[in-house]
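Quick notes on the structure that follows.
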Amino acid sequence: MANFNTHLTTAFVVSSTASLALYKAGMLSPMEFFLCAITGTIGGLLPDIDLPHAVPARVGFNVLSMLTAFGVVVMWISYLTIAELVAVWLISYSMMRWGVFLLFSSLTTHRGIVHSIPYMGVLSMTLVYASFYGLKNGAVFSWFLGLFLFFGTLIHLLLDEIYSVNVFGLRLKKSFGTAMKFFDKDQKKRYLLLYTVLAVLLMFAPSYQVFWQTLTEPMSWQLLKQNLLPNYVYHYLNFSV
């Protein structure tokens, strides 16, 4: 499997380049460009959350625990004193960091169901819902966030599969085929549940028509073409022809 630095660097380069192209095409604002790049990078580390001692798992659950605790405090901020709010924050953080994290670790195995396309699809759609319904962002930006997370995870899975091939020995390692899965006959019920949840999320998701219209707008791609190279390069190319 690829190491942490490989996953981080590759996901960051690909996500940043893609989000920059969308920004230059007029599809994203400067802040949206930044958030999409970050989301894609996070996606590139996400599949390793099923490895308890891995950096993505430890850092990811730590950040999630802090955000969850902060959210709980915000919910009760008008009803409790400062001392009580501090206690609520500590309890919420501890429950997430050492309760939910340990439970998740005990229920998952590395390169198990977390290393699967439907699982990552569900996580990506959950982000779309959270962005659109929770944070009240627009449908277009919400779909972009979900897609960047999904393609970030896809980059991670592809890298793991690539590193499962011994190029010089022209043979496959034992780990080949375990990083990217669409289905596992040994976990039929879990995969059927995942696909069911994914289908329901897609069915009631924010409108994708506006997103697709934005993505296929000819003027946007013309704008991207204009911003792809400096004007003097186009001038040189036209002159040469």
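Working only within region 20-50, note down all residues that are under 23 Å from residue 6 (Cα atoms) and part of a loop (DSSP other than H, G, I, E, B).
Once the filter is applied, which keeps residues that are under 23 Å from residue 6 (Cα atoms) and part of a loop (DSSP other than H, G, I, E, B), region 20-50 yields 44, 45.
I'm checking my understanding of the structure. Among residues of region 143-183 that are modelled with pLDDT of 75 or more and of a type in the set (D, E, K, R), which one is surrounded by the fewest Cβ atoms within 10 Å (Cβ to Cβ)?
It comes out as 161.
What number goes with the only condition from (1) at pLDDT 80 or above; (2) in contact with an Asp or Glu (Cβ under 7 Å, 6 or more places away or on another chain) that residue 54 does not pass?
Single failed check for residue 54: (1).
The values are calculated or read from the model by the stated rules, or taken from the named source; none is laboratory data. What you see is a predicted model; the values in this text were computed from it and never measured. So basically every Cβ, Gly included, is an ideal-geometry build from the backbone, and we count neighbours across all protein chains shown.
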